[in-house]
Amino acid sequence: MKKLITGGTIATATDVFEADILIEDEKIVRIGVNLSVPDAEVIDATGKYVFPGGVDPHTHLDMPFNNTVTDDDWETGTIAAAFGGTTTILDFCLTSGEKTLADAVKKWHGKAEGKAVIDYGFHLMVTELNDETLAQLPAIFEEEGITSLKIFLAYAKEFQATDRTLFQAFKVGKETGAVVMVHCENGSVIDELVEEAKALGHTEPIYHALTRPPELEGEATKRAIELAHIAGAKLYVVHVTCKEAVDEIIRAREKGYEVYGETCPPYLTLDQTALEKPNFEGAKYVWSPPLRPKDHQQPLWNALKAKQLQTIGSDQCSFNFNGKKQLGKDDFSKIPNGGPFIEDRFSVLYSEGVHKGRITINEFVESISTNAAKIFGLFPQKGTIAIGSDADIVIFDPNVEREISAETHHMNVDYSAFEGMKVMGEPVSVLSRGKYVIKDKQFVGQLGSGKYLKRSVNSDPLKKVSETVISK
Ligand code: URP
Ligand code: ZN
Ligand code: ZN
Ligand code: ZN
């Protein structure tokens, strides 16, 4: 099976050029100008960008959380991801409540198998580390090709780790090469502020933001940075939202610490006032860390541009407004935390970033795809357009203007956090390992066609440069 993508403008993390791409079975086999391959199916990409498929390093599909479970599963979630231009996700495998880590991973495979329409890997989400789990980690990493774990410094009643547990996780990171991902907020102090607010009779969604001030994100970020440094581990700070946290990351990186940072489209484009919407609509914008006052957006864009933040995650964690979000109708602290972003991550970053001139097209590809593939051990199989890479490709029309809406999205939720936002550009067709998942804006993929990705430790991920080889 051969496909020839002709006439498009290929954009990778390092190059922008016009060339054709020959795909044979699952791989890119040639890149060149005016290729002629008579037995190939031709895909005309004239006037379009040809991007490597998006790599979303942060999703929560079908995950038990906040006394309920997220509303997008591996079918709706991965289909929506594909519509949005994402061809690889790394989802968080929850380990709490399972007897062994192997049981937890098995359960997660069960959720994905037969449903996923794009490729996927797992991070381990570790809520408790004891001698038993510590002993299991190296074997699970080895057998499952998992190279990353997440620790929470927030959600005091559910997931929060002690500093000691965090430090033990960093020691495991040092020993195994795994990336330790940390949710940086001070959950204990947040709990105290939440109790205070409730004692004063505050129930509305805005108190979710007011009880989680940015200083507590900055403080936890600095703590994670120093503990990772002492242990000698790689740290990846998930969902960075504010100046305070960005400043700590920059300071650490300037000292040569191996710290990576991720931010998410809502923090770059929405602000805390969304939580003040009347009739409980603010609950649509409740996730953690919360949206910040508008003045935090520019520092995030600056850090992305300066490569001090490296990746864009969706933090997909969807709950229907006229459904599970209502659990917090009378108490903001009971609103399930999370929002629906897996589908719009790619387009919002393209439109707000590239179209509005805040980042270059190479910086866009780097942060939406390449860097996550590198940091999490998937490069160059994923994250670029190069000979030998998987043919995960997005054909993107930069000239369409459209409006994001729950009416037209494919996520299994009744609202969009970006409702009414006008964006330039749209994925038209999306290939996963050489096969169409989306063709001319229609889903044509197959449930269960997504493959589990075993990953490998990348000891110095962002030093490797992607090279595109042009053949004649
Ligand atoms: O509110 C959020 N972000 N929900 C998902 C869980 C997490 O903290 O990443
Ligand atoms: Zn988190
Ligand atoms: Zn501020
Ligand atoms: Zn998350």
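The values are calculated or read from the model by the stated rules, or taken from the named source; none is laboratory data. All figures in this text were calculated on a predicted structure; none of them were measured in a lab. Note: ideal-geometry Cβ built from the backbone for every residue, glycine included; neighbour counts use all protein chains shown.
Odds and ends about this structure:
- Selection status of V354, farther than 30 Å from K157 by Cβ and over 17 Å from the mean Cα position of the chain (by Cα): yes
- All positions within region 173-196 that are away from ligand 4 (no atom under 16 Å from the Cβ) and in contact (Cβ under 8 Å) with a residue 60 or more places away in the chain: G173, T176, G177, A178, V194
- Strands (runs of 3 or more DSSP E) completely within region 45-109 that count 1 or more residues being within 16 Å of ligand 2 (Cβ to nearest atom) and in contact (Cβ under 8 Å) with a residue 40 or more places away in the chain: 54-59, 86-94
- Checking each residue in region 156-191 for being in contact with a strand residue (DSSP E or B) (Cβ under 8 Å, 6 or more places away or on another chain) and part of a loop (DSSP other than H, G, I, E, B) picks out E158, F159, Q160, A161, A178, C184.
- Members of region 234-265 that are part of a loop (DSSP other than H, G, I, E, B), crowded, with 24+ Cβ neighbours inside 10 Å and more than 16 Å from ligand 1 (Cβ to nearest atom): K234
- Hey, T241 farther than 28 Å from K334 by Cα and within 19 Å of the chain's Cα centre (by Cα) or not: no
- Annotation note: Cβ proximity below 6 Å between a residue of region 218-245 that is within 19 Å of R292 (Cα to Cα) and a residue that is polar (S, T, N, Q) and within 16 Å of ligand 4 (Cβ to nearest atom) (sequence gap 6+ or interchain) occurs for V237/T221; V240/T263; A245/T221.
- Residue check, K284 away from ligand 2 (no atom under 16 Å from the Cβ), modelled with pLDDT of 95 or more, charged (D, E, K, R) and closer than 23 Å to K150 by Cα: no
- From the list K277, K305, K329, the one residue that fits, being under 30 Å from E254 (Cβ atoms) and away from ligand 1 (no atom under 16 Å from the Cβ), is K305.
- Among (1) over 23 Å from Q326 (Cα atoms); (2) crowded, with 23+ Cβ neighbours inside 10 Å, the one test that P289 misses: (1)
- Of the set (1) more than 16 Å from the chain's Cα centre (by Cα); (2) at pLDDT 95 or above, all apply to T95 but (2).
- Residues located in region 1-23, provided they are in contact (Cβ under 8 Å) with a residue 60 or more places away in the chain, part of a strand (DSSP E or B) and buried (at least 16 other Cβ atoms within 10 Å of the Cβ): K3, I5, I10, A11, I21, I23
- Count of residues meeting criterion [acidic (D, E), buried (at least 24 other Cβ atoms within 10 Å of the Cβ) and more than 17 Å from D119 (Cβ to Cβ)] in region 44-71: 0
- Look at region 307-325: where a residue is over 10 Å from K284 (Cα atoms) and a partner is more than 16 Å from ligand 4 (Cβ to nearest atom) and among the polar types (S, T, N, Q), sitting 6+ places away or on another chain with Cβ atoms under 6 Å, you get Q310/N371; T311/S367; T311/N371; I312/S367.
This table checks each residue for (1) under 28 Å from S333 (Cβ atoms); (2) more than 19 Å from the chain's Cα centre (by Cα).
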site	(1), (2)
F65	yes, no
D71	yes, no
A82	no, no
G85	no, no
L90	no, no
A102	no, yes
A112	no, no
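For (1) of a type outside the set (D, E); (2) more than 16 Å from ligand 3 (Cβ to nearest atom), each residue gets a yes or a no:
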{"residue": "A274", "(1), (2)": "yes, no"}
{"residue": "P278", "(1), (2)": "yes, yes"}
{"residue": "A283", "(1), (2)": "yes, yes"}
{"residue": "V286", "(1), (2)": "yes, yes"}
{"residue": "D295", "(1), (2)": "no, no"}
{"residue": "W301", "(1), (2)": "yes, no"}
{"residue": "A306", "(1), (2)": "yes, yes"}
{"residue": "T311", "(1), (2)": "yes, yes"}
{"residue": "S314", "(1), (2)": "yes, yes"}
